[in-house]
Amino acid sequence: MKKLSPLTTLRRAAVVLAACAVATGALAASTAHYFDGDTQRTITLDTSLVAVITPIPETGSAQARSVGEGASPAPLVQLQPANQPVAKGAGTHTSPVYREGNSPAGRLMALPGGVVVKFNTDWTDAQVRAWAQAKGLAVTQRLGTTSNWYLIATAPGSAALELANSLKAGGEVLAAMPNWWKQTAAR
């Protein structure tokens with residue numbers, strides 16, 4: 001039997017450890033980022049969960065809630081294990097689940113759809129809507145009556161993260177961030 005060098009043994013052990021890590025999902029985490037104003041925030045994909053996003057019935061529903069002028073109700077977001085089948089109803093979508101930062105203890109976040117965008121205060125409502133239309137985007141609502149913050153429509157999921165980062169990188173807007181759902185804890 002041929003004796004292996006310590007370096008060869010070490011390399012083989014590293015390959016075996018890497019294969020085990022991949023098989024157990026330890027290396028499955030993927031990091032991404034978004035911008036909170038001018039601050040780049042790191043997020044980590046949590047592959048063990050999926051967010052199920054269900055729209056809440058429009059006006060007249062006891063569950064419906066509105067924020068701001070002309071707001072549509074916020075969707076219901078429920079987390080479930082990624083390995084379970086998703087019961088899809090009318091209008092139900094899924095979103096990847098992220099954790100704030102690089103820690104497995106980071107707050108859970110999902111993308112129910114939409115991008116929150118801040119425009120220069122010199123822009124009028126008509127200019128903002130014309131800009132969005134020229135880009136093939138739809139303004140869902142103006143957030144408040146005295147600010148230049150708007151909600152731009154996107155599909156739930158990664159489309160919101162991609163559009164927010166693209167708009168921020170384009171330099172035409174002051175800020176662009178996904179319309180995050182974030183897990184909160186009762187105090």
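Quick look at the numbers
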item	result
Under Karplus coefficients 6.51, -1.76 and 1.60, residue-wise ³J(HN,Hα) of the stretch 119-134 in Hz, glycine/proline x	9, 4, 5, 6, 6, 7, 4, 5, 5, 4, 5, 5, 4, 4, 4, 5
Long-range amide H partners of LEU143 with built H, under 5 Å	TRP149, TYR150, LEU151
Karplus 3J(HN,Hα) series, Hz, for the stretch 99-104 with 6.51 cos²θ - 1.76 cosθ + 1.60 (x for Gly, Pro)	10, 4, x, 9, 8, x
Under 15 Å, Cβ to Cβ, from VAL97 - net charge with Lys/Arg +1 and Asp/Glu -1	+1
Estimated inter-spin distance, GLU162 and ASN120, nm [label 7 Å along Cα→Cβ]	2.9 nm
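Quick note: the coordinates plus some simple rules give every number you see, no bench work behind them. Not measured: the values here are computed from a predicted model. Methodologically, a virtual Cβ is constructed for each residue, glycine included, from the backbone with ideal geometry; neighbour enumeration extends over all protein chains shown.
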